[in-house]
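Below is one structure, written out as structure tokens; the observations come after it.
The values are calculated or read from the model by the stated rules, or taken from the named source; none is laboratory data. Bear in mind that the values here come from a model prediction, so they are computed numbers and not experimental data. In this analysis, Cβ positions are derived from the backbone assuming ideal geometry, glycine residues included, and neighbour counts consider all displayed protein chains.
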Amino acid sequence: MKITVIGTGYVGLVTGACLSEMGNHVLCLDVDPAKIKILEDGGIPIHEPGLLEVVRRNVAAGRLEFTTDIERSVAHGTLQFIAVGTPPDEDGSADLQYVTAAARNIGRLMTDFKVVIDKSTVPVGTGDKVKAAIEGELARRDIQLDFAVCSNPEFLKEGAAVADFMRPDRVVVGAEDERAILLMKALYQPFVRNRDRLIITDIRSAEFIKYAANCMLATRISFMNEMSRLAEKVGADIEMVRVGIGSDPRIGTQFLYPGVGYGGSCFPKDVKALAMISAENGMPSKMLAAVEDVNEEQKMVLVNKVVAKYGDDLSDKTFAMWGLAFKPNTDDMREAPSRVIIGELLKRGAKVQAYDPVAKDEAARVMAGWEGLSYAESSMGALEGTDALLIVTEWKEFRTPDFDAIRDAVADKVVFDGRNLYEPALIRSFGVEYHSIGRG
Ligand SMILES: NC(=O)c1ccc[n+]([C@@H]2O[C@H](COP(=O)([O-])OP(=O)(O)OC[C@H]3O[C@@H](n4cnc5c(N)ncnc54)[C@H](O)[C@@H]3O)[C@@H](O)[C@H]2O)c1
């Protein structure tokens, strides 16, 4: 099939690359010429395991191309995927300007039947807005052309995006047009061959499924974070509680890890956006307000532990920090808790020496000019000349470190672990003072 993907970010690039892997001819459009240049030069603008190989293979086969030329992109695909950003507006609602701009471009330039598929995470009812935007442009041109609108929310996880796209748990397609349903079924059939994982719904339900899924996951995290604080008070170990409840199949083991709060480009904005949708419909969500409140507080948990130990004036302290990205295997720094934690430490006069296996450049970009923040080239290098270590992202390479080396390099022999990576008794047996989350 001939496919256009509009927006070549995390979702658009993975979608385009994986669809081309199945033999489709994909053209990826972006309005950012710098991104397209990187792709045309044989690189990729993000860190995503396995993605570069898929991109290179399909570019070489002539099935995957990149462009900034909107006219060419509209002409190319019968299927037009919209995968542009939907960042939060000032009031928290999803800003749809990029989605509607993409839709208008299609209406302005299309000359034959198109299926316009919204892959961005968008509020319920956006399908109607996309349809209206295209109809508006066609009316302006005074022509009638056939098109269909679908919703196809994306559930990939950054850090495992290629694997998630190639072997999805489910593919949700919200569509009401028979031709569009047939085309979408044919498109996704190779990805769901061993078991039918295709869920066909109406457009509004598909749009809702994405928000409900992300908000449910965020709720689990905030629930566990709140429980971890209580565990500290009552002298229980949240890690044992996690295993104890997770083994109930009705609960399951995933997304029960207490930490420094969720971040990234999706959960914070999607929780806000669904809360806004609830409020606009006259039923402000108490649950989502609590999920967000708990998360904001949780970003302060490590800082509070540091202040409890050292006091509020940290001007004679230098902290090593392991991990900057909002989660492992990505360089995405959007809403990363590390940004809040570093900001709070610097505000109290501390210096921070940070290390992240891949997010250093992105961190340096989003925290440019933050005085007192420097970067190290290795985890052990980050410890040099510091008083204590903070662990913020659970990269694999931090899981079994040399505890002797940590104790000897960090002046106060203190570790504040925001991800509960270590067995407390073990690390303490090396003479390290160990603070973690919810292990009273
Ligand atoms: N990142 C994730 O893990 C993830 C997962 C599932 C769903 N989503 C959703 O997918 C959407 C995209 O997220 P992302 O992380 O890929 O965003 P992103 O910011 O990485 O990429 C969006 C891209 O769209 C481009 N763009 C904006 N307007 C355009 C236009 N009119 N024409 C062409 N290109 C345009 C931007 O330049 C940018 O490169 C969001 O709605 C997000 O909520 C993201």
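Specify the residue that is farthest from the ligand (Cβ to nearest atom); the eligible residues are those in the stretch 43-64 that are exposed (fewer than 14 other Cβ atoms within 10 Å of the Cβ) and within 19 Å of Asp331 (Cα to Cα).
The first filter runs over the stretch 43-64 and keeps only residues exposed (fewer than 14 other Cβ atoms within 10 Å of the Cβ), leaving 43, 53, 60-62.
Narrowing further to those that are within 19 Å of Asp331 (Cα to Cα): 43, 53.
Numbers: Gly43: 15, Glu53: 19 Å.
In this case the residue turns out to be Glu53.
From the list Val306, Val340, which residue is in contact with a strand residue (DSSP E or B) (Cβ under 8 Å, 6 or more places away or on another chain), more than 16 Å from the ligand (Cβ to nearest atom) and outside any loop (DSSP other than H, G, I, E, B)? I'd like the intermediate steps shown before the answer.
Working: Val340 fails: in contact with a strand residue (DSSP E or B) (Cβ under 8 Å, 6 or more places away or on another chain).
Only one candidate qualifies: Val306.
Taking Ile209 as the residue in question, decide whether it is surrounded by 16 or more Cβ atoms within 10 Å (Cβ to Cβ), under 19 Å from the mean Cα position of the chain (by Cα), at pLDDT 95 or above and within 30 Å of Ala425 (Cα to Cα). Step through it out loud before you land on a result.
Working: surrounded by 16 or more Cβ atoms within 10 Å (Cβ to Cβ): yes; under 19 Å from the mean Cα position of the chain (by Cα): yes; at pLDDT 95 or above: yes; within 30 Å of Ala425 (Cα to Cα): no.
So Ile209 does not fit the description; no.
Would you please list the contacts, defined by Cβ atoms under 9 Å and residues six or more apart or on different chains, that run from a residue in the stretch 268-279 that is outside any helix (DSSP H, G or I) to a residue that is of a type in the set (Val, Ile, Thr) and surrounded by fewer than 22 Cβ atoms within 10 Å (Cβ to Cβ)?
none
Enumerate the pairs (first residue in the stretch 422-433 and at positive phi; second residue anywhere and of a type in the set (Phe, Trp, Tyr) and part of a helix (DSSP H, G or I)) with beta-carbon separation below 9 Å, excluding pairs fewer than 6 apart on the same chain, so at least 6 apart or on different chains.
Going by the 9 Å Cβ cut-off, the qualifying pairs are Gly431/Phe403.
Picking from Asp196, Asp177, Asp270, which residue would you name as being acidic (Asp, Glu) and modelled with pLDDT under 95? Don't jump to the end; show me each part of the working.
Values: Asp177 fails: modelled with pLDDT under 95; Asp270 fails: modelled with pLDDT under 95.
Exactly one of Asp196, Asp177, Asp270 is acidic (Asp, Glu) and modelled with pLDDT under 95, namely Asp196.
Report, ordered by the first and then the second residue, all pairs with beta carbons closer than 8 Å, sequence separation of six or more or different chains, a first member in the stretch 59-78 that is under 22 Å from Leu145 (Cα atoms) and of a type in the set (Asp, Glu), and a second member that is away from the ligand (no atom under 12 Å from the Cβ) and not in a strand (DSSP E or B).
Listed pairs, sorted by first residue: Glu71/Leu109.
Going by what's in this entry, would Asp417 be described as of a type in the set (Asp, Glu), surrounded by fewer than 21 Cβ atoms within 10 Å (Cβ to Cβ) and closer than 28 Å to Asp332 by Cα? It would help to see each step written out before you state the result.
Details: of a type in the set (Asp, Glu): yes; surrounded by fewer than 21 Cβ atoms within 10 Å (Cβ to Cβ): no; closer than 28 Å to Asp332 by Cα: yes.
Spelling it out, it is not the case that Asp417 is of a type in the set (Asp, Glu), surrounded by fewer than 21 Cβ atoms within 10 Å (Cβ to Cβ) and closer than 28 Å to Asp332 by Cα.
Identify, from the list Val291, Val271, the residue that is of a type outside the set (Asp, Glu), within 16 Å of the ligand (Cβ to nearest atom) and either more than 19 Å from the chain's Cα centre (by Cα) or over 17 Å from Thr386 (Cα atoms) (or both).
Val271
Among the residues of the stretch 17-42, how many are touching a residue at least 60 places away in the same chain (Cβ under 8 Å) and either within 14 Å of the ligand (Cβ to nearest atom) or under 23 Å from Asn105 (Cα atoms) (or both)?
Final tally of qualifying residues: 4.
Which residues, taken from the stretch 398-416, are in a loop (DSSP other than H, G, I, E, B) and not hydroxyl-bearing (Ser, Thr, Tyr)? Show your work before the answer.
Just the residues of the stretch 398-416 that are in a loop (DSSP other than H, G, I, E, B), to begin with: 399-402, 410-413.
Selection gives Arg399, Pro401, Asp402, Val410, Ala411, Asp412, Lys413.
Please give the number of the condition Lys131 fails out of (1) in contact with a Phe, Trp or Tyr (Cβ under 9 Å, 6 or more places away or on another chain); (2) within 16 Å of the ligand (Cβ to nearest atom); (3) basic (Lys, Arg).
Unmet condition: (2).
Based on this model, can you work out whether Leu109 counts as over 29 Å from the mean Cα position of the chain (by Cα) and away from the ligand (no atom under 15 Å from the Cβ)? Quick ask: steps written out before the conclusion?
On the way: over 29 Å from the mean Cα position of the chain (by Cα): yes; away from the ligand (no atom under 15 Å from the Cβ): no.
Spelling it out, it is not the case that Leu109 is over 29 Å from the mean Cα position of the chain (by Cα) and away from the ligand (no atom under 15 Å from the Cβ).
Among the residues of the stretch 350-397, how many are assigned to a loop (DSSP other than H, G, I, E, B), surrounded by fewer than 15 Cβ atoms within 10 Å (Cβ to Cβ) and among the small types (Gly, Ala, Ser)?
At the first step, the residues of the stretch 350-397 found to be assigned to a loop (DSSP other than H, G, I, E, B) are 350, 356-359, 367-372, 376-378, 384-387, 392-395.
Okay, now just the ones that are also surrounded by fewer than 15 Cβ atoms within 10 Å (Cβ to Cβ), so 368-369, 371, 377-378, 384-385.
Filter again for among the small types (Gly, Ala, Ser), leaving 368-369, 378, 385.
The qualifying residues number 4.
May I ask you to verify whether Gly85 is small (Gly, Ala, Ser), within 13 Å of the ligand (Cβ to nearest atom) and either under 30 Å from Ile277 (Cβ atoms) or out of contact with any helix residue (DSSP H, G or I) (no Cβ under 7 Å at 6 or more places or on another chain) (or both)? Before you say what the answer is, go through the steps one by one.
Numbers: small (Gly, Ala, Ser): yes; within 13 Å of the ligand (Cβ to nearest atom): yes; either under 30 Å from Ile277 (Cβ atoms) or out of contact with any helix residue (DSSP H, G or I) (no Cβ under 7 Å at 6 or more places or on another chain) (or both): yes.
Criteria met by Gly85.
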